[in-house]
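A short reminder: the numbers here are calculations on the coordinates, not readings from a lab. If you're wondering where the values come from, they're calculated on a predicted model, not measured in any experiment. Cβ coordinates were reconstructed from backbone atoms using ideal geometry, including for glycine residues, and neighbour counts include every protein chain displayed.
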Amino acid sequence: MKHATPKASLQVNQNEGLIFEKSSAGKAAWKLPPLDVPEVDAAALLGTAERKDLGNMPEVSEIEIIRHFTRMSTWNYAIDLGMYPLGSCTMKYNPRVNEAVARVEGIANGHPYQPEKISQGALHIIKTLSEQLIEITGMDAITMQPAAGAHGEMTGLLMVRAYHQSKGNARKKILIPDSAHGTNPATAAMVNYAVENLKSDSRGMVDIAALAAQMNEDVAALMLTNPNTLGVFEQDIHKIADILHAKGGLLYMDGANMNALVGKVRPGDFGVDVMHLNLHKTFSTPHGGGGPGSGPVAIKKALEPFLPTPVVITKADGTLAFDYNRPQSVGRVRAFYGNFGMFVRALAYIQANGPDGLRQTTEDAVLNANYIRKGLEGTYDLPYSTPTMHEVVFSDKVQLKKGVRTMDIAKRLIDYGFHPYTTAFPLIVPGALMIEPTESESVEEMDLFIEAMKSIAEEVEEDPQYVLDAPHSTRVSRLDETAAARKPVLRWKPAS
Amino acid sequence: MRYLPKSPADREAMLKAIGLRSVDDLFAPIPAEYRLTRDLNIPRQMAESEIVDFFRQRSRENGEGYTSFLGAGAYAHYRPVIIDSLISRGEFLTAYTPYQAEISQGTLQSIFEFQTMICELTGMEVANASMYDGSTAAAEAVMMAVRLTGRRSVVVARSLHPEYREVLATYATHQGMPLSVAGFNDDGRLNLKELEKAITPETACVLVQSPNFFGTIEDVAAVAEIAHRHGAMLVVSIAEAVSLGIVEPPREADVIAMEAQSFGVPLGFGGPYCGVIATREKYVRQMPGRLVGQTVDKQGRRGFVLTLATREQHIRREKATSNICTNQALVALMVNIFMTVYGKVGLKELAKQNLAKTAYAAAQFAKHGKILFSGAPRFNEFVVQTSEDPGAINSRLLGHKMVGGLPLKKFYPELGNAALWCCTELTTRSAIDTAAGLIAESERSMRSSSVASSKEEDVEEVAR
Amino acid sequence: MPYPTDRKYTKEHEWIQVNGNSATIGITDYAQQSLGDIVFVETPKVGAELTAGKTFGTVESVKAVSDLFAPASGTVTEVNADLATSPEKVNTDAHGSWMVKLTLKNPGELDGLLSAADYEKFVAEEAGH
């Protein structure tokens, strides 16, 4: 390591091959109890449908499995190890009480089709969380069904389309700012809307004049992220909403950046008609290496008839039930009711915080981003001087003069014991460094981060090649992604 | 607040460093008219013990301790304890998506193993890193077939899970994909004549589930022959993954859309679950969802990366194969560990136990009620027709802390008083005998009270 | 770099080489440099109709996808089989790696395209940004 850092040291780290490389006939990690019913002859029952061979499925013992996955886990970075400065990902602490309550028997083992009489616990959880999310967002109703943010976007746009159709004209397009996350245009296309790009102005915000010019009765909605992907609050949000509503359009808000708003302002209050939330961002449910998420969609009253089926209602006798009688519903977006396990976790998070905790969380999130902005201003180029909320975007403009790009700086950051920030996004900032610390970072951790970033900037000046060759301290160095894409090897195969 | 690692002194110092007087200054960009001046109207902050109490109470109100005969797309199997031991490790639980491969090899290698094992079990050449669930996997597999064939319409088996069909309808509506439905025979299988009639030169694919919603194993080869003869693709949905231990996978399929929940994912009142799409190598560029590939680093060491990312939303944007941005990574890890624990021999034994329990139950119930669809092999579910409304029988079962089979009237009204029952390795003989006994009683009382039994009984509201 | 004078060029960085009524299309060296390592090329099938100025396929690198725009209208007669197995050849020899051959529908369209010299100037301006 070129520069020592108090944050991380090198350590012996266990190797581990593929589980198939450990497999050997006769080893077992399982044992079933004896049958209390008569044995059956599978061949007799299934005939030609009987499977004889499970091919190369592994055979290993329990300790090998424990070591296999434990060793592999030590190759990962994680929130439990340190900060993830990833922009718009909101990598906050995943509280352990969430995990404990999700495992309580009746909650963990409830079957989605069990009678309503013994589902009151689950229904109560869905209803309580729904009400609290409605209050937090300032909207009127919500569906918990979508499995993730992108799924929520799709559901939201389906409701937008159904709304317009009910008014006699489904309309043709969705306006999307050029700073938007890739799921936004991908989703619009899936719902058969054309995508029209909306340029940002010099402050990185929606260009009001452009919006006014592009808004017409062919536009179903504007998909907005607020604060936007630069971490900047759209101060003209009122004008934006007015322009849309004047021509009968709807304002869709991507709720990825809610961590800057909870308890301080509500999207429903500033003109949003439909929005999705990311429980795995704002509401602390764990990322788990890439999922599961949950993407509930909150709406204003006008869209209520179009909610996916079923909806939780309270019956006359006070008990809770699912209502399937929803003639104008957009239908189902998935089987069952949504990622219920994530509802449990999100609710536990809100309960642990209460109104004061949520507000304090948001304040700390914004304070932290601004602290880092102050710490790195002058070292890295800041393309937009507009006030920062919960995330800040720098660019690699200065370092580019030495041939070093954002991805290289990010790889070098790994040697300092951090996970990289978001590189090369948003697209409107070439060579972007998008940083969102979240409220979960202490001053100590952030100071280490700022020190690391400053140290790298020095290295870029003194020895850019060292940065270009980073990371130097990981078990694998930069991987050949070109070969992986040209000749994809997507599974293990036994040696022939 | 105990999750926030800051003291008031810290905050003071930070504000000073930034050059601001108070935290309110940070929120100045929000127009004053919108800034909240009140607390959110949610309950006060709770202590950890209070949170635990809240959920324990909800658990008691949620059928804690009940024995269930429900299946229908969500299955109660034993979850080896090491699954939670391992996935609870912070390095798995709190890790991000493995975009930075050098510090995500744990996640990436485990996904590579997952992809491999799914291929082995399904007989396909390539599998993705998981989709949201079986229902959306089926819808996305259908859209894949539409893209690959350039045709727009879809023939769906009526024996496909009704909620999967609803999801497909939602996805299809806006993509201009006409759906037609082909019914099932007396043996529960897809009616091949109806299938032939429904297929047109515009059919992109046929979508069938096997074992199907009734637990019946379809004649996939016959369905494939018809589909392929018309230039359409065959998409097979698998909802009960454990079936792959003893039932031949649908090797004639072009795409398999699976639900892997049975492999170690808790029932959890419907989610999160674990969908997967598996297909032939030649279709891989049209497959949605994340893919992990093997490669080498600069020193030639083996490593794993997310690959073929150009199919995905963050690059293709509106031309992406899907908008999906997640894979169910943590749930897929549960599935991975489950498949590893049981392995080549265990998965077969597990499936055989499911087969045995179900065969026993069907035989017992057959003495009193009518078992439908007996003309074809089944895995771990079967349909029983009773004289009495299954809802009433289930009410009585609830008194024994048992949940009976899913009444089917809502989905298949023509089947009358039919219910779908599922037995897994966890179902005990005594539970089966008790349930059979209650059905016997029901049949006896229906016979004896004949016309008089049309009096309105207080039928418990059941879920469906 | 001097661009071959035996062909014409488009502002979308394709080249087209004419031989009587048929033509061969590929991408320029500037294009392959901008794209980085090419991993996959998506081409139309033989018999497909191309329209001048419209997209007819894509070129993928690890992190990006670029559309291919038809320099001229016509019917595809041949597709380079090498592209499927060795897309990297486009990187090593862009001007020697052809992608599709077609029968021209309207040879007059070529008049509007850039000469090697004009293309070189165009690229110099673009690179200067």
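Per-residue ellipticity at 222 nm, computed for chain C from helices alone with -39500 (n - 2.57) per DSSP H run of at least four residues, works out to -5500 deg cm²/dmol.
In plain terms, the residue of A:Met407, A:Met258, B:Met1 with the fewest other Cβ atoms within 10 Å comes first and the most crowded comes last, giving B:Met1, A:Met407, A:Met258. The H on the amide N of A:Ile142, modeled in the peptide plane, is under 5 Å from the matching H of A:Ile299, each at least 5 residues off or on a different chain. For the stretch A:1-73 and the stretch A:96-157, what is the separation of their C-alpha centers, rounded to whole Å? Between the Cα centres of the stretch A:1-73 and the stretch A:96-157 lies a distance of 33 Å. Helices meeting the span-like rule in chain A (full DSSP H runs, Cα extent of at least 20 Å along the helix axis, mean Kyte-Doolittle score of 0.0 or higher): A:120-137.
Applying both filters, DSSP loop and at most 13 other Cβ atoms within 10 Å, to the GluC sites (Glu not before Pro) of the stretch A:416-493 eliminates every site. Considering only C-alpha atoms, what is the centroid distance from the stretch A:353-387 to the stretch B:57-100, in Å? Cα centroid to Cα centroid, the span is 36 Å.
On the basis of the beta-carbon distance and an R0 of 45 Å, C:Thr51 and A:Ala213 show a calculated FRET efficiency of 0.90.
Simple spin-label estimate for A:Asn13 and A:Leu400 gives 3.1 nm between the two label positions (7 Å along the Cα-to-Cβ direction from each Cα). Footprinting exposure proxy ranking of B:Asp254, A:Asp41, fewest other C-beta atoms within 10 angstrom first, gives A:Asp41, B:Asp254. In order along the stretch A:297-306, the phi-based Karplus estimate (6.51 cos²θ - 1.76 cosθ + 1.60, θ = phi - 60°) of 3J(HN,Hα) comes to 10, 9, 9, 7, 3, 4, 9, 3, x, 9 Hz; Gly and Pro are listed as x.
Treating r as the C-beta distance of C:Ser86 and B:Lys367 and R0 as 60 Å, the FRET efficiency rounds to 0.35.
Summing charges over all other residues whose Cβ lies under 9 Å from the Cβ of A:Thr309, with Lys and Arg as +1 and Asp and Glu as -1, gives 0.
Phi-derived couplings, Karplus 6.51 cos²θ - 1.76 cosθ + 1.60 at θ = phi - 60°, listed residue by residue for the stretch B:19-24: x, 10, 8, 9, 4, 4 Hz, with x used for Gly and Pro. Taking the fewest neighbouring Cβ atoms within 10 Å as the starting point, the ordered list for B:Phe263, B:Phe27, B:Phe112 is B:Phe27, B:Phe112, B:Phe263.
Taking 7 Å steps out from each Cα toward its Cβ at A:Glu21 and C:Gln33 produces label points 4.1 nm apart. Distant-in-sequence amide contacts of A:Ala335, defined by a placed amide H-H separation under 5 Å and a gap of 5 or more residues or a different chain, comprise B:Ser135, B:Thr136. Sparse packing (at most 13 other Cβ atoms within 10 Å of the Cβ) combined with a DSSP loop state is found for the following trypsin sites (Lys or Arg not before Pro) in the stretch A:156-187: A:Lys167. Look at the stretch B:216-225: the mean tally of other chain Cβ atoms within 10 Å of its residues' Cβ atoms is 1. Adding -39500 (n - 2.57) for every DSSP H run of four residues or longer, then dividing by how many residues chain B holds, sets the calculated 222 nm ellipticity at -11500 deg cm²/dmol. Cα centroids of the stretch A:188-216 and the stretch B:213-238: 44 Å apart.
What the Cβ-Cβ distance of A:Asp269 and A:Ala170 gives, at R0 = 25 Å and to the nearest 0.05, is a FRET efficiency of 0.30.
Where in chain B are the DSSP H helices whose alpha-carbon span along the long axis reaches 27 Å or more and whose Kyte-Doolittle mean is at least -0.5? Walk me through the intermediate numbers first.
Details: long enough: B:329-366 (42 Å, 0.74); B:429-449 (30 Å, -0.34).
Qualifying helices, which must be both long enough and hydrophobic enough, are B:329-366, B:429-449.
Charged side chains reduced to their Cβ positions (Lys and Arg at +1, Asp and Glu at -1) give the stretch A:363-482 a dipole of some 480 debye around its Cα centre. Close amide H partners of A:Leu198, meaning residues 5 or more places away or on another chain with modelled amide H under 5 Å apart, are A:Ile176, A:Asp178.
The label-point distance for B:Ser7 and B:Asp84, in a model that sets each label 7 Å from Cα toward Cβ, rounds to 3.7 nm.
The shape of the protein assembly as shown can be summarised by an equivalent ellipsoid whose semi-axes, obtained from the alpha carbon gyration tensor, come to 47, 36, 30 Å from longest to shortest. Here the Karplus relation 6.51 cos²θ - 1.76 cosθ + 1.60, evaluated at θ = phi - 60°, turns the backbone of the stretch B:412-423 into coupling constants of 9, x, 5, 7, x, 7, 10, 9, 9, 10, 10, 10 Hz, with x for every Gly and Pro.
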